Amino acid sequence: MNTTTKTTFNDIFKSSFLENTSSFSIIDSLIGIIVAFAVGLFIYMVYKKTFSGVIYSHSFNISLIIMTMATALIIMGISTNIILSLGMVGALSIVRFRTPIKDPMDLVYLFWAVASGILCGAGLIPLAIIGALAIGLVLIFYVNRLTVENPYLLIVKYTNEGIEKNIEEIVSKQVKKYTVKSKSVMGQDLIELTYEVRLKKEQDAQFINSIKRLDSVNSTVMLSYDGNFTA
């Protein structure tokens, strides 16, 4: 006697697909994503307000919002399935990011966005909001209240070694503090002398005109120096 078996929709998906779908909470997920977006938007505004670098990157700032939301989605996905979490770890381990981070503060904002996304994805929404407010207030307070006096690099090129005392005399009278960073002798008796100087005030930069008027001085350049590169 032949018995016919009917294949139902549930039989096709006898794997954990339906179980995962039934255990998935749309409301909780939407709340987590919305909070992640709000926290990411707060990080966006704090970064824009506290940015003090050379060139502001709007695309990098937008990526902080997307990173917060994407991290929350990843945590939501792997929190209910141990196999998926192991696969996600393996997939992320082969990803290599080659974008250079020149400013250490940019790395702080990236870590802040990832940490906020993890908290939102794990359902720790109050902790994510409180932490974001605390970190944002600290960044705004210290960036706006504390001023850091960046030094300058004074580069003088000349051909007569005998005028070094005259150059140093002018520098010592016009700046608050100075140190010799390097001295190099190039071809055709061309000497390059580099000072690190700290000005008393902005208009004190005019003293480089006095150095340029000295005999045998070919050029005088003063650059802003932030410790990483000159520009």
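The values are calculated or read from the model by the stated rules, or taken from the named source; none is laboratory data. Keep in mind the model is a prediction, meaning the values are calculated, not measured. Cβ placement follows ideal geometry from the backbone for every residue including glycine, while neighbour counts extend to all protein chains displayed. Each accessible area value is taken on the protein alone, full model and side chains, heavy atoms only, with ligands, DNA and RNA left out. Shrake-Rupley method; radii C 1.70, N 1.55, O 1.52, S 1.80 Å.
A residue that is part of a loop (DSSP other than H, G, I, E, B), more than 30 Å from Phe51 (Cα to Cα) and modelled with pLDDT of 80 or more cannot be found anywhere in the range 191-211.
Taking the criterion of being open to solvent by 40 Å² or more (accessible area, probe 1.4 Å) and in contact (Cβ under 8 Å) with a residue 40 or more places away in the chain, the residues of the range 54-79 that qualify are Val54, Met67, Met69, Ala70, Leu73, Ile74, Ser79.
Scan the range 146-159 and tell me whether some residue there is open to solvent by less than 70 Å² (accessible area, probe 1.4 Å), more than 30 Å from Lys183 (Cα to Cα), at pLDDT below 85 and not aromatic (Phe, Trp, Tyr). Spell out how you get there, then give the answer.
Going through the range 146-159, the residues open to solvent by less than 70 Å² (accessible area, probe 1.4 Å) turn out to be 151-159.
In the following step, the residues that additionally are more than 30 Å from Lys183 (Cα to Cα) were identified as none.
No, that holds for no residue.
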